[in-house]
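A short write-up of the structure that comes next.
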Amino acid sequence: MNYNINDLPERTAKPRNSGITMVMDKGLSLRQVEDFIEVAGEHTDIVKLGWATSYVTPNLDKKLAIYADAGIPVYFGGTLFEAFIIRDQFDDYCRILDKYKMQYAEVSDGSIDIEHDIKCEYIRKLSKQVTVISEVGSKDVQKIFAPYKWIKLMNAEIEAGSWKVIAEARESGNVGIYRDSGEVRQGLVDEILTQIPEETIIWEAPQKAQQVWFIKLIGANVSLGNIAPADVIPLETLRLGIRSDTFDHFLTGDIAPKRQWG
């Protein structure tokens, strides 16, 4: 950091198991990736190449190399996995992971209907090859899961070998754990946390209000995903309580707001 401020929340250090910031790359150019890393690489834990953008991204090898040189893991979005599965190309998908030296893979079923036992079997198979991040929840706004079902699905996927489970929200933040207005389904989140350890969950939170809500609920080291590249630095200030939205939340009893008069 550039200077000292006393009594800020303590952030976990890289490589983090909690307090993860997962960034969504929806098609950055090579130069934009370099600029992004210069500014926000220190605060970025992992990057997702959104949905199946890796299929059409130019200079994919070069982009991955830039992230790798910066020590930032990258993985392909879960929709790419689904695109292969729906076409009965699982083995081809595994070969793609090897071709691009992927260390992580996302297993999701947000766009396709798949029996959960079969999804968990994919998790088990892939976890022998890579670190699996699985996603729970649908991208269909009409599909609203009851809390007990979220808990059941998350538990099963962790047991099958997922390192983290992602609570679905889309890049827009208006499905899954959120209402179509973007408001958090608070009762759902509270119930999930009664059964699922918070350090195993990455909450998709693309909107600032959602990030603030989870930081106030869980703390500076909540894991958040689908963060836009331009929002990584602002998010880190929210985590540290040096932005107005979380400013008072992290002040201890010994520190009361003071006004200095000249």
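Within the stretch 199-216, how many residues are assigned to a helix (DSSP H, G or I) and over 18 Å from residue 183 (Cβ atoms)? Outline the logic, then answer.
We begin by selecting, within the stretch 199-216, every residue assigned to a helix (DSSP H, G or I); these are 199-200, 208-216.
Add one more test, that the residue is over 18 Å from residue 183 (Cβ atoms), and what stays is 199-200.
Total meeting the criteria: 2.
Test residue 196 against the stated conditions and say whether it is under 18 Å from the mean Cα position of the chain (by Cα), of a type outside the set (Phe, Trp, Tyr), closer than 30 Å to residue 247 by Cβ and modelled with pLDDT under 95.
Against the criterion (under 18 Å from the mean Cα position of the chain (by Cα), of a type outside the set (Phe, Trp, Tyr), closer than 30 Å to residue 247 by Cβ and modelled with pLDDT under 95), residue 196 does not qualify.
Sort through 106, 159 and tell me the only one that's at pLDDT 95 or above, farther than 16 Å from residue 202 by Cβ and acidic (Asp, Glu). If you could, list the steps in order and put the result at the bottom.
Details: 106 fails: farther than 16 Å from residue 202 by Cβ.
Sole residue among the options that is at pLDDT 95 or above, farther than 16 Å from residue 202 by Cβ and acidic (Asp, Glu): 159.
Being among the hydroxyl-bearing types (Ser, Thr, Tyr) and over 18 Å from the mean Cα position of the chain (by Cα) is the filter here, so list the residues in the stretch 43-82 that pass it.
55, 57
For the stretch 24-41, enumerate the residues that are of a type in the set (Val, Ile, Thr) and either under 12 Å from residue 77 (Cβ atoms) or surrounded by fewer than 21 Cβ atoms within 10 Å (Cβ to Cβ) (or both). Spell out the reasoning first.
First, pick out the residues of the stretch 24-41 that are of a type in the set (Val, Ile, Thr): 33, 37, 39.
Result: 37, 39.
Being among the polar types (S, T, N, Q), under 30 Å from residue 200 (Cα atoms) and buried (at least 19 other Cβ atoms within 10 Å of the Cβ): is that true of residue 12 here? Talk me through it step by step, then tell me what you get.
Working: among the polar types (S, T, N, Q): yes; under 30 Å from residue 200 (Cα atoms): yes; buried (at least 19 other Cβ atoms within 10 Å of the Cβ): no.
No; evaluated as a whole, the condition is false for this residue.
Can you find even one residue in the stretch 217-240 that is modelled with pLDDT under 95, outside any helix (DSSP H, G or I) and touching a Phe, Trp or Tyr at 6+ places or on another chain (Cβ under 8 Å)?
No, the stretch 217-240 contains no residue that is modelled with pLDDT under 95, outside any helix (DSSP H, G or I) and touching a Phe, Trp or Tyr at 6+ places or on another chain (Cβ under 8 Å).
Given (1) in a helix (DSSP H, G or I); (2) more than 30 Å from residue 179 (Cβ to Cβ); (3) among the basic types (Lys, Arg), identify the lone condition not met by residue 119.
(2) is the only condition that residue 119 fails.
Among the residues of the stretch 42-52, are any in a helix (DSSP H, G or I), surrounded by 12 or more Cβ atoms within 10 Å (Cβ to Cβ) and either touching a Pro at 6+ places or on another chain (Cβ under 9 Å) or at pLDDT 95 or above (or both)?
Yes - at least one qualifying residue is present in the stretch 42-52.
Please work out which residue is farthest from residue 85 (Cα to Cα), limiting yourself to the stretch 109-143 and to residues that are at pLDDT 95 or above and of a type in the set (S, T, N, Q).
That would be 131.
Look at the stretch 11-41 and say how many of its residues are within 12 Å of residue 223 (Cα to Cα), assigned to a loop (DSSP other than H, G, I, E, B) and within 15 Å of the chain's Cα centre (by Cα).
5
It is to be established whether one or more residues within the stretch 229-249 are of a type in the set (Asp, Glu) and free of Cβ contacts under 8 Å to residues at least 12 places away in the same chain.
As a first pass, look at the stretch 229-249 and keep what is of a type in the set (Asp, Glu): 231, 236, 245, 248.
Next, from what is left, pick out any that are free of Cβ contacts under 8 Å to residues at least 12 places away in the same chain: 248.
There is at least one residue in the stretch 229-249 that is of a type in the set (Asp, Glu) and free of Cβ contacts under 8 Å to residues at least 12 places away in the same chain.
Could you tell me whether any residue of the stretch 202-219 is β-branched (Val, Ile, Thr) and in contact (Cβ under 8 Å) with a residue 40 or more places away in the chain?
Yes, because at least one residue in the stretch 202-219 is β-branched (Val, Ile, Thr) and in contact (Cβ under 8 Å) with a residue 40 or more places away in the chain.
Could you tell me how many of the residues in the stretch 66-89 are surrounded by 14 or more Cβ atoms within 10 Å (Cβ to Cβ) and farther than 19 Å from residue 21 by Cα?
7
The values are calculated or read from the model by the stated rules, or taken from the named source; none is laboratory data. Just so it is clear, the model here is predicted, and its values are computed rather than measured. Note that we place each Cβ from the backbone using ideal geometry, even for glycine, and neighbour counts take in every protein chain shown.
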